[in-house]
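**Student:** Below is one structure. I have some questions about it.
The values are calculated or read from the model by the stated rules, or taken from the named source; none is laboratory data. Treat the numbers as computed from the prediction; the structure is a model and nothing was measured. Glycine also receives a Cβ, built like all others from the backbone with ideal geometry; neighbour counts cover every protein chain displayed. Side chains included, ligands, DNA and RNA excluded: accessible areas come from the protein's heavy atoms. Shrake-Rupley method; radii C 1.70, N 1.55, O 1.52, S 1.80 Å.
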Amino acid sequence: MNKIFIDGEAGTTGLQIKSQLLAIKELEILSLAPSERKDPQAKLAIMSSADLVILCLHDDAARQSVDLIDQMGDHKPKIIDASTAHRTHTDWVYGFPELDPGQENLIRQAQKVANPGCYATGAIALLRPLMQAGLLPSDLPLSLPSVSGYSGGGKTMIEAYEAGHAPLMDYYALSLEHKHIPEIMKFSGLQKRPLFVPSVGNFRQGMVVQLPLHLEQLSTGVTPEKIRQTYISHYDSIRNSFVSVLPKETELHFDATVLNNTNRLEIAVFENTDKGHLVLMARLDNLGKGASGAAVQNLHLMLGLEPLKP
């Protein structure tokens, strides 16, 4: 039995992860009493008996837990960090198995894995294959308008929406300093900082990330169909990929919630070549592939369990 400790199991992501892990017979879930959850010595004791620790904490608290683990001797648990704290750190493996064909093996061999951000997962899924194929210049000024369900905002936001006290649509991070931007740039290949404007809609789960483009911005000879085929080639080359590309005949609507309670991500290419316009869109469950589902996918790889199947 592999022993798992979820540090922050009472939060939204922690609860979702725990509910999925309880169904896996090879795992034993370790827990602290609520009164001990902020006690460093109690944490140290339980983490020292774990094979893998999942951090579902704010950044500073995640760093503190990592410091505790780093002080251990030869037996240290593996770590999946769902916070922002280590996503661009050179000593951590980025936990997006569909990033490249070799990323799954890097996660398998890793001691420390940084779970991607929800918005970043959609943005990188859209950008990286095109950057690698040379279809998008790395210094192109880009915008990434996005919307998420309110469950990504934590307990206070969830309570406000479910009590009917929150706006039906709310734009935020308008200082243009969102914490997902550094990982989007690092793992997409972007050299120019994108304009990223996220928003929250009055639905619990689901997310869409958009990449609007003028065809004249792209490299010579790039067509919508070439972009679609580039995505298909990239994600077909990756084992156990949870990312898929919708066909050209996709209905001209894009529901942000259809992948809720799954670990899937879908990409669509919408085009109007007469006007020279193109919109690339990615949708996922912000609590699934954007958080808990990604963590469970990475856990299977790190512990050598049978990989999750799409």
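**Student:** With the full set of protein chains in place, find how many percent of the accessible area of the range 6-126 is carbon and sulfur; take the probe as 1.4 Å.
**Tutor:** Details: 2550 of 5180 Å².
Whole-percent figure for carbon plus sulfur exposure: 49.
**Student:** Let me ask you something else. Could you please state how large a percent of the accessible area of the range 179-310 is carbon and sulfur, counting protein chains only and using a 1.4 Å probe? Display every interim value, and only then the final one.
**Tutor:** Working: 2860 of 5710 Å².
Here carbon and sulfur together make up 50 percent of the probe-accessible area.
**Student:** Given 37 °C and 0.692 mPa s, how large is the Stokes-Einstein diffusion coefficient of the range 20-172 in µm²/s, with Rh as the Kirkwood radius over Cα pairs?
**Tutor:** Details: Rh = 18.4 Å.
Translational D for this selection: 179 µm²/s.
**Student:** For the range 170-265, treating each Cα as an identical point scatterer without solvent, what Debye log10 I(q)/I(0) comes out at q = 0.12, 0.14 1/Å?
**Tutor:** For the requested q values the scattering log ratios are -0.55, -0.77.
**Student:** If the viscosity is 1.567 mPa s and the temperature 4 °C, what translational diffusion coefficient in µm²/s does Stokes-Einstein give for the chain when Rh comes from Kirkwood over Cα pairs?
**Tutor:** On the way: Rh = 20.1 Å.
D = 65 µm²/s.
**Student:** Oh, and also: I'd like the FRET efficiency for Lys186 and Thr250, computed as 1/(1 + (r/R0)^6) with the beta carbon distance as r and R0 of 45 Å, rounded to 0.05. Please report the intermediate quantities before stating the final value.
**Tutor:** On the way: r = 30 Å, r/R0 = 0.67.
So, using R0 = 45 Å, E works out to roughly 0.90.
**Student:** Taking 7 Å along the Cα-to-C-beta vector as the label spot, tell me the Leu15-Val197 distance in nanometres, rounded to one decimal.
**Tutor:** Taking the simple label geometry, Leu15 and Val197 are separated by 3.3 nm.
**Student:** Roughly what percent of Cα-Cα pairs across the range 252-310 reach past 16 Å? Provide the component values of the computation, followed by the final result.
**Tutor:** Working: 940 of 1711 pairs.
Value for the range 252-310 (Cα pairs over 16 Å): 55 percent.
**Student:** So how compact is the range 110-191: Cα radius of gyration and Dmax in angstrom?
**Tutor:** When restricted to Cα atoms, the range 110-191 yields Rg and Dmax of 15.7, 48 Å.
**Student:** With a 1.4 Å probe and all protein chains in place, put His253, His300 in order of accessible area, largest first. It would help to have the intermediate numbers written out before the result.
**Tutor:** On the way: His253 135, His300 15 Å².
Descending accessible area places them as His253, His300.
**Student:** Shifting gears a bit: Once R0 is set to 41 Å, what does the formula 1/(1 + (r/R0)^6) return for the Cβ-Cβ distance between Glu225 and Asp170, expressed as a FRET efficiency to the nearest 0.05?
**Tutor:** For R0 = 41 Å, the calculated efficiency reads 0.65.
**Student:** Sticking with this structure for a sec: For the range 89-153 and the range 48-71, compute the distance between their C-alpha centroids and round to whole Å.
**Tutor:** If you average the Cα positions of each part, the centres end up 23 Å apart.
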